[in-house]
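Let me begin by presenting the structure, written as structure tokens, before commenting on it.
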Amino acid sequence: MNRTIVGLLADNAEHADAFAGRFDEVQDGQQPEAVTVCCSDSRVLQDHLFGNETPGRLFTCGNIGNRVTQRTDAGEVVSGDVLYPLAHTGTRTAVVVGHTGCGAVTATFDVLTGNIDADNEPSGIEHCVSLLGPHLEPGVDLLPDGLDDDEAVNRLVEYNVDRQVDHLVDSDDVPADTDVIGVVYDFQDVYGGERGEVHVINVDGERDPEALRTEHEAVADRIRRLWTY
């Protein structure tokens, strides 16, 4: 057995020892407080970024580009993994979690601006990029002049979160009383706070920081955007 797996199993033994008693309340089902949709990135620890150590508290989904949709014969629909807790466990909070320096957004930006050819990627990766492309293309056209690539990508990270929030807010499959929050996780000092902070950029489709601070005073210090468009 390779050393990575041996190490992971040793860490799991510690986890099992610490968590054994924490599953008592969720043996027969789950009623998570929120569903979170995070980008698949080893630097973004989805449960840890919210301090979650309680089984059953969060229903966590992850994919390239923190997408909330999937492509079907009927067109794009809210992805089943995101929709399940909203439809079946009484969850009424959905959180879309983008992150600074997102590789999926970077790759999509590079494809849309002609810097790379997505056809050179394995088909699974090309498929994921192709799901983001149509939604990010209008954002690329809106980018202000004079940005370097890193600045452009981090603005498109916000744009992508906004589009995913829109999908949830506009979907007939998502219960109307669901609160949909868009956030960006910053581990690169882009927003000027502490590394690892989550910044709220969108609530139920509202993107204006001043309006959000007025409406949500309890988290006003975590509401900020890089880009208003």
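Please turn the phi angles of the stretch 187-198 into ³J(HN,Hα) values with the Karplus equation 6.51 cos²θ - 1.76 cosθ + 1.60 (θ = phi - 60°), one per residue in order, whole Hz, x for glycine and proline.
Taking θ as phi minus 60°, the curve returns 10, 10, 6, 6, 8, x, x, 7, 4, x, 6, 9 Hz for the stretch 187-198.
Please compute, for the alpha-carbon atoms of the chain, the extent along each of the three principal axes and give them in descending order in Å.
55, 49, 43
What are the residues whose amide H is under 5 Å from the amide H of THR69, where those residues sit 5 or more places off or on another chain and H is modelled from the backbone?
Under 5 Å from the amide H of THR69 lie the amide H atoms of SER79, each far enough along the sequence or on another chain.
In sequence order, what are the phi-derived ³J(HN,Hα) couplings for the stretch 44-61 according to the Karplus relation 6.51 cos²θ - 1.76 cosθ + 1.60 with θ = phi - 60°, rounded to whole Hz, with x for glycine and proline?
10, 8, 4, 6, 5, 5, 9, x, 8, 10, 10, x, x, 7, 10, 9, 9, 10
Report in % the part of the accessible area of the chain that belongs to carbon and sulfur, leaving out ligands and nucleic acids; probe 1.4 Å. Show your work: numbers first, answer last.
Working: 5610 of 12220 Å².
Roughly 46 percent of what the probe reaches on the chain is carbon or sulfur.
For LEU143, enumerate residues with amide H under 5 Å from its amide H, sequence gap 5+ or separate chain, H modeled in the peptide plane.
So LEU143 has HN proximity to no qualifying residue.
Assuming R0 = 30 Å, can you tell me the calculated FRET efficiency for the pair ALA18 and SER40, based on Cβ-Cβ distance, to the nearest 0.05?
The pair ALA18/SER40 has a calculated efficiency of 0.75.
Amide H neighbours of ILE64 under 5 Å, counting only residues 5+ apart in sequence or on other chains, H built in-plane at 1.01 Å?
The list, which skips near neighbours in sequence, is SER40.
Skip the ligands, DNA and RNA, and give the accessible area per residue of the chain with a 1.4 Å probe, whole Å².
Values: 12220 Å² over 229 residues.
Averaged over the residues of the chain, the accessible area is 53 Å².
How tilted is helix 3-19 with respect to the longest principal axis of the chain? Cα atoms for both, answer in degrees (0 to 90, nearest 10).
Here the helix axis deviates by roughly 60 degrees.
How high is the relative contact order of the chain? Use alpha-carbon pairs under 8 Å, at least six apart in sequence, and give a whole percent. Provide the component values of the computation, followed by the final result.
Working: 353 pairs, mean separation 42.3, N = 229.
The value is 18 percent.
Beta carbons within 10 angstrom, averaged per residue: use that to sort the peptides 195-202, 94-101, 83-90, highest first.
Taking the mean over residues of other Cβ atoms within 10 Å, the ranking is 94-101, 195-202, 83-90.
Which order do peptides 124-130, 57-63, 69-75 fall in by mean Cβ count within 10 Å, highest first?
57-63, 124-130, 69-75
Could you work out [θ]222 nm for the chain from helices alone, using -39500 (n - 2.57) per DSSP H run of at least four and dividing by all its residues? Round to the nearest 500 deg cm²/dmol.
-12000 deg cm²/dmol
With θ set to phi - 60° and the Karplus curve 6.51 cos²θ - 1.76 cosθ + 1.60, what are the ³J(HN,Hα) couplings of the stretch 103-115 in order, to the nearest whole Hz, using x for Gly and Pro?
These are the phi-based 3J(HN,Hα) values: x, 5, 5, 4, 4, 5, 4, 5, 5, 5, 9, x, 7 Hz.
If one takes the longest principal axis of the Cα atoms in the chain, at what angle in degrees, from 0 to 90 and to the nearest 10, does the Cα axis of helix 149-170 lie?
70 degrees
For helix 123-142, report the angle its Cα long axis makes with the longest principal axis of the Cα atoms of the chain; keep it between 0 and 90° and round to the nearest 10°.
50 degrees
The values are calculated or read from the model by the stated rules, or taken from the named source; none is laboratory data. Here the structure is a predicted model, which means the values were calculated and not measured. Methodologically, a virtual Cβ is constructed for each residue, glycine included, from the backbone with ideal geometry; neighbour enumeration extends over all protein chains shown. Only protein heavy atoms, including side chains, enter the accessible area calculation; ligands, DNA and RNA are left aside. Shrake-Rupley method; radii C 1.70, N 1.55, O 1.52, S 1.80 Å.
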